[in-house]
């Protein structure tokens with residue numbers, strides 16, 4: 001009887017301990033984390049889920065601790081700097097390693113076409129020219145998202161893996177290897193194309209709706225669900241006005257369309273803006289160091305049209321999407337501006353008041369100080385609002401700049417509305 005009583009008591013004790021453990025903060029947190037992850041992954045196809053696992057895997061760096069998501073933070077529209085002491089540059093897997101350019105957002109990146117040259121007609125002269133378009137990174141050096149995956153994984157300044165084989169081995173011996181086998185077959189890790197297939201999984205995840213939910217206030221305005229404030233509407237009008245902001249020249253949208261998918265806010269082209277030099281970048285302590293952008297893209301000479309003037313592309317960088325622009329600072333390829341308003345003001349007054357943006361050198365304004373003088377003619381000075389000279393009235397005044405910034409804030413995706421994607 002006593003033995004049976006002790007047995008029942010032991011059973012009751014274990015039940016109580018289980019209930020106490022389940023009710024403990026740690027257990028609740030673990031349960032909540034699991035529930036949140038399950039909800040976050042709902043609707044992902046198996047290949048997309050595999051891509052998400054790879055994207056978030058901090059084992060895939062040398063030393064371990066850095067994942068794709070570390071610098072492409074979902075909470076920051078898939079952009080960030082991994083806690084770097086220099087806002088403009090992401091911190092790599094090694095404490096002393098920093099990137100060379102501002103991390104581009106992966107938000108809406110899947111819409112970028114493969115890197116290529118296309119015909120573009122000059123609206124003033126009627127002449128056509130071949131211009132570079134598409135690709136990934138600021139210089140389009142990756143043709144598409146699949147090729148983009150390789151860059152950070154093998155870059156010594158980023159995830160620092162010595163080879164593709166090492167990456168494949170880490171995944172093959174990791175916690176989601178069985179998921180990879182279910183997606184690609186039992187012999188995936190023995191295949192010569194294993195790395196490419198795994199990269200395709202990451203690209204599939206980066207092409208999923210969570211990277212382009214079309215869930216901003218502007219999207220709901222297009223759908224007829226919301227109205228812009230008077231200031232936002234004014235900013236939108238200035239944004240489109242060819243004699244004011246002229247932002248649609250690069251950050252395009254179909255003016256007659258109410259479909260969010262027709263408003264990507266980039267034509268994926270390249271332009272030379274003459275950005276000021278960012279002296280916070282360690283490499284820039286060397287006066288001879290310069291980032292020439294597109295003209296130094298690896299393999300460009302092989303794919304450019306015959307007799308193409310590649311030097312004319314020096315100083316050009318890809319026009320980013322303006323979706324989520326309010327949360328993806330700092331701005332421009334070198335992260336020289338921390339304020340979104342400063343970027344818009346720079347566009348408007350770069351040429352009317354260059355002393356505001358550039359330092360003095362030998363008693364004169366050192367305009368376009370991050371670009372060698374021989375490439376200064378590459379800088380865009382023809383299109384509005386750049387078509388001004390020192391002392392002339394800018395295309396935009398302070399109030400108009402504020403209005404455009406107010407409009408740009410409407411382009412930030414709202415997670416609570418993510419379920420409305422593609423509708």
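The values are calculated or read from the model by the stated rules, or taken from the named source; none is laboratory data. Source: prediction; values computed, not measured. So basically every Cβ, Gly included, is an ideal-geometry build from the backbone, and we count neighbours across all protein chains shown.
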In this structure, is residue 359 within 21 Å of residue 280 (Cα to Cα), surrounded by fewer than 13 Cβ atoms within 10 Å (Cβ to Cβ) and at pLDDT 95 or above? yes
Could you say which residue among 139, 219 is assigned by TED's automatic domain parsing to the domain that holds residue 299 and under 23 Å from the mean Cα position of the chain (by Cα)? 219
Only one of 273, 228, 292 is touching a helix residue (DSSP H, G or I) at 6+ places or on another chain (Cβ under 7 Å) and either touching a residue at least 60 places away in the same chain (Cβ under 8 Å) or buried (at least 17 other Cβ atoms within 10 Å of the Cβ) (or both), namely 228
Search result, residues across the range 173-187 that are loosely packed, with under 15 Cβ neighbours inside 10 Å and part of a loop (DSSP other than H, G, I, E, B): 173, 175, 185, 186, 187
Could you check residue 299 against (1) crowded, with 22+ Cβ neighbours inside 10 Å; (2) modelled with pLDDT under 95 and say which number it fails? (1)
Do we have any residue at all in the range 152-164 that's outside the structural domain of residue 324 (by TED's automatic domain parsing), outside any loop (DSSP other than H, G, I, E, B) and more than 22 Å from the chain's Cα centre (by Cα)? yes
Do we find that residue 358 is touching a strand residue (DSSP E or B) at 6+ places or on another chain (Cβ under 9 Å), in the same structural domain as residue 415 (by TED's automatic domain parsing) and outside any helix (DSSP H, G or I) in this structure? yes
If you go through the range 47-105, how many residues are outside any loop (DSSP other than H, G, I, E, B) and either surrounded by 20 or more Cβ atoms within 10 Å (Cβ to Cβ) or touching a residue at least 40 places away in the same chain (Cβ under 8 Å) (or both)? 16
Suppose we filter the range 324-333 for residues that are in contact with a strand residue (DSSP E or B) (Cβ under 9 Å, 6 or more places away or on another chain) and buried (at least 20 other Cβ atoms within 10 Å of the Cβ); how many remain? 6
Filtering the range 106-129 down to residues that are in a strand (DSSP E or B) and either at pLDDT 95 or above or in the same structural domain as residue 384 (by TED's automatic domain parsing) (or both), which residue is nearest to residue 85 (Cα to Cα)? 116
